[in-house]
Each structure stands twice: as structure tokens, then as C-alpha cells.
Amino acid sequence: MKPYSKKLGKLPPYIFSIINILKKEAYSKKLDVIDLAMGNPDMPTPDFIIERLIDTVKNHPGTHRYPQAKGMPKLRQAVCNWYKKRFDVELNPDNEAIVLIGSKEGIAHLCMAYLDPGDIALVANPAYPVHLNGVILAGGKIHDMPLTAENRWLPDLTKIPEKVARRAKLMFLNYPNNPTTATVDDLSFFKEVIRFAKKYDIIVCHDNAYSEITFDDYIAPSFLQTTGAKDVGVEFYSLSKTYNMAGWRVGFCLGNSKIIAPLEKFKSFVDYGVPTFLQLAAATALNSSENVMKKTLEEYKKRRDKFCDGLNKLSFTVEKPKATMYLWAKLPEKFQKDGSLKFSEELIRKTGIACSPGTGFGKYGEGYVRFALVTHFNRFHDALMRLKKFMRG
Ligand SMILES: Cc1ncc(COP(=O)(O)O)c(C=O)c1O
């Protein structure tokens, strides 16, 4: 058989596929797995959204036909209204908003729409994997922007060589950040990004998947709130975390119409978009004035406090995050030498606890592991007991 493409060969093994193999192995050994690896919300989608979906599928057979690839006007209007209400950002639903089969799809396809072989994308590292892999799949070249604890997990734009900046086409950013859980306090970093992007004619892609998963009175801004943001960029927004709708696959690309148009064109050749009944249910979610997240956030906060305190007592170093449903834990000194992948492999084999090694998010994630707070509160006590035993061993 002929080999698959060189582009695909350049991709590292997908970290969650490795973890899944280890999880399978653990299940087959009858281990009681505590799965804190993938950022896959465990709480259910709110009832009123589910009810709308059932009613639509059952009573409106027109919704069983091919959908409108760029998204129905009703859903594009709903997300624009939501952005106005939540962030005071004005968006034109006709050309400044398209619907995606989840942000992940849109990010990968935006890379395909923009990058030719050898084109440079500036990508924060560590990052949600598609920010890096989308560039590779498109044949582009990644220039890493390292995120470090010393710089509050923000990239230092002054470290990007002038020659690289001039050639770069795209820049990927994400705050609240996965995996580091970092947040921006105000718009000053985004202002700096916009100045940089204007100087070098770079398209900024801000991934805003976690703006609603926040705690302790922290309110996350949208990149698009920053003056001039729409001149240089777009924002990816997702219903996956906000409404516990990860499996429904609904996301958006919002902002500069000239940047969105090629993505829309690319998508029109490769997909038909989100099924209409899901789009209508998604519009219902966005149009609702119910505080649907209250219970979910209370639950995440309880889990965060319990597990974060426990990990720190076990000599991990973990800052209590103001946002996201992750903990980004620096490995204790004695595990640093072997690295995060070895730690994660040993941990699941010996304890049944699945976590994500920092290197799965890029080389600058080494030395850390990410725990996703996506299992029942009571399980965290058990997880800490098992970890305690593991650390002694
Ligand atoms: C930063 C970030 N962006 C996007 C996504 C995926 O969003 P979606 O489910 O809309 O594809 C995730 C999922 O974990 C994420 O962490």
C-alpha cells in the first residue's frame, strides 16, 4: 500500500489517543479508572436545550435536510446578540459570524484556508493541540511563542525575531488558557497583540472557549472587545464548555469579515455544516436569559478547591485557577527528570488516574501535567488518596 501524506506523518501521535490506549489497558485490568485526562464536560446539557432539540427533530422534518453550511441566519443572529449582551461587541451576522462544527474544526480549516507550504504561524506553546497541528496539516511552519510561568503564561512578543514576524501570516492565542489556565486581567495584552499584528500584517486568531468558565468574580474579556481587534483578527467561540454541549459540535468564528470569508469558502467545499436541528437548539441556548452555568460553575469550583489544595499538599505546585475546568500542576522535583509523559503513563498504570502530560500540548508544557475537573466531586478524595500512595512508591 502507498504511504499516507508526509503532512500527516509530521504530526505527533495525538495525545488523547495515547491516553485512550492507556485507559483501555487500565479498564482491561479491571482498574477503577478516574478519568481526568480530556476536557470533556461531565455535566449534562440543560434540559430546555435538549427539549428544543427533541421537538425540532420530531416535529420539523425539514430540519433533516442538508443544513446551511455557514449556519442559519437565526443562529448567526443569536450569537451576535449574545456577543453584544455579554461583551458589548457589535457583529454583523451576515458576514462577521459563521457557524462551525465545533471550534476545533474551524481552527484546522482556517489554517487550510490561509497557509501555503512554508508559511509561518506564530503559535503559543503549550497550546490546545489543534493550534499546533492545524498548522502542520496545512503544510505551514510553526514558530513557537513559549508560555512560561515567569511571564504569567503570556507570550513575549518582543522575542519574536523581526524576520519571522514579517513572514508570519497567523497568530494563535487563547485566554482563559488551556492548558495553563492563565487569564488576562484586562485588555492591555490584547492591545499589545493588536499593535504587533498591525505592524507586521498578521491575522490574530483568538480562541475563546473558556470565557464562561470562571470563578471568584473573575470576568473574562473577549479579544474582540479591544479597540482595533476586528481590524486584525477573529475569535473562535464554542458552546462546548459554556452549555456542557461538547458532543453537540457547535462553535463559531467571529470578527473580521475578510478573514472569515476564505474560511467560509473552504468549508463550503468540505462540509455541510452543523445539522439544522442542532443549530436551532444552539440558538435556543444563546437566546436564553437563564443563568444556565450557575450550578456547573459551583460544582467545578468545589472540585477545583478540593483537588488544588490536595495536590499542593502532595508537593505539586498548582495555582488556583480563576478560569477553565483544569488544574495545571507542576510535577514535584523527583518526577521532573523522567518527564510528564512517563509520569502520566505510570500514574494510570499504577493508580487508574488518567491525566494529560504537559508535553501533549507542546514541548514548553514539559514538567507539568493537566488534570481536567470532569468527574464527580466525591472521586477527588479517592484520587488524592491514590496519588498520595503513588508519590510514596
Ligand atoms: C482552547 C480550546 N479551544 C477549542 C476547544 C474545542 O472546542 P470545540 O468543542 O468547540 O471544538 C477546546 C476543547 O477542549 C479548547 O480547550
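Values quoted throughout were computed directly from the atomic coordinates according to the rules given, and no laboratory measurement underlies them. Remember, it's a predicted structure, so these values are computed and weren't measured experimentally. Here the Cβ is made from the backbone with ideal geometry for all residues, glycine too, and neighbour counts use every protein chain on show.
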Need the list of lysines near K322 for cross-linking: C-alpha distance under 16 angstrom, and skip anything on the same chain fewer than eight residues off.
K241, K294, K301, K302, K306
Report, ordered by chain and residue number, the lysines lying within cross-link reach of K342, taken as a straight Cα distance under 16 Å and ignoring same-chain residues fewer than 8 apart.
K23, K330, K334, K350, K363
Which value in nm describes the separation of the simple spin-label points at N59 and Q336, placed 7 Å from the Cα toward the beta carbon?
6.2 nm
What full-extension length gain, to one decimal in nm, is calculated for K388 and E290 as 0.36 nm per residue of separation minus the Cα-Cα distance?
31.2 nm
Antiparallel bridges, percent of DSSP beta bridges restricted to segment 47-287 (to nearest 5)
35 percent
Considering only DSSP states other than H, G, I, E and B, which trypsin sites (Lys or Arg not before Pro) in segment 36-105 qualify as loop sites with at most 15 other Cβ atoms within 10 Å?
R65
Using the crude model of +1 on Lys and Arg Cβ and -1 on Asp and Glu Cβ, and no other charge, please compute the dipole size for segment 47-287 relative to its Cα centre, in debye to 20.
660 debye
How about segment 123-178: which trypsin sites (Lys or Arg not before Pro) there lie in a loop by DSSP and see at most 14 other Cβ atoms within 10 Å?
R152
Filtered trypsin sites (Lys or Arg not before Pro), segment 337-393: DSSP coil and at most 12 other beta carbons within 10 Å
K337
I'd like the distance separating the alpha-carbon centroids of segment 232-246 and segment 14-43, in whole Å.
24 Å
For the chain, set up a GNM with springs between Cα atoms under 10 Å and report which of S268, S222, S238 has the largest fluctuation.
S268
Starting from the eigenvalues of the Cα gyration tensor, five times each then square-rooted, give me the equivalent ellipsoid semi-axes of the chain, largest first, whole Å.
32, 26, 21
Tell me what the chain gives for mean residue ellipticity at 222 nm when only DSSP H runs of n ≥ 4 count, each as -39,500 (n - 2.57), the sum divided by the residue total, rounded to 500 deg cm²/dmol.
-13000 deg cm²/dmol
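If you wrap a convex hull around the alpha carbons of segment 254-393, what volume per residue comes out, as a whole number of Å³?
185 Å³
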Expected-Rg normalisation [2.2 N^0.38 Å, Cα atoms] applied to segment 22-87:
1.77
With Kirkwood's inverse mean 1/r over C-alpha pairs for Rh, give me the Rg to Rh ratio of segment 111-257, two decimals please.
0.94
Reachable aspartates and glutamates from K337, Cα under 12 Å, same-chain residues fewer than 8 places away excluded?
E366
Using only the alpha carbons, work out the radius of gyration and Dmax of segment 1-146 in angstrom.
20.1, 55
What is the gain in length, in nm to one decimal, between K265 and A149 on full extension, counting 0.36 nm per residue of separation less the C-alpha to C-alpha distance?
37.8 nm
